[in-house]
Amino acid sequence: MAVPKGKVSKSRRDKRRANWKLEVPGMVECPHCHEYKLPHMVCKACGYYGDKEVVKVSDK
């Protein structure tokens, strides 16, 4: 059975947890409608991927 060798101090424990950060995803501007979108994804605002319309987006 696994047994810890000794007590892990709070500072050692917290140092290990220090790198659990959330990062903002890199956003790029759509070349067609200039809305921000995730890179390598179809634009949700206009439905374009690069120069081609991939998805028809209906206006509400």
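Of the candidates Glu53, Glu29, the single residue that is surrounded by 10 or more Cβ atoms within 10 Å (Cβ to Cβ), touching a Gly at 6+ places or on another chain (Cβ under 7 Å), among the acidic types (Asp, Glu) and without any contact (Cβ under 8 Å) to a residue 40 or more places away in the chain is Glu53. Which pairs do you get when a residue that is hydroxyl-bearing (Ser, Thr, Tyr), found in the stretch 1-14, comes within reach of a residue that is exposed (fewer than 10 other Cβ atoms within 10 Å of the Cβ) and assigned to a loop (DSSP other than H, G, I, E, B), reach meaning Cβ atoms under 7 angstrom, with the pair 6+ apart or on two chains? Nothing qualifies.
Conditions tested, residue by residue: (1) surrounded by fewer than 12 Cβ atoms within 10 Å (Cβ to Cβ); (2) not in a loop (DSSP other than H, G, I, E, B).
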| residue | (1), (2) |
| --- | --- |
| Val3 | yes, no |
| Val8 | yes, no |
| Ser11 | yes, yes |
| Asp14 | yes, yes |
| Leu22 | yes, no |
| Pro25 | yes, no |
| Met41 | yes, no |
| Lys44 | no, no |
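Throughout, read-outs are computed from the coordinates displayed, never taken from laboratory work. Being a predicted model, the structure only gives us computed values, none of them experimental. We place every Cβ from the backbone using ideal geometry, glycine too, and count neighbours over all the protein chains shown.
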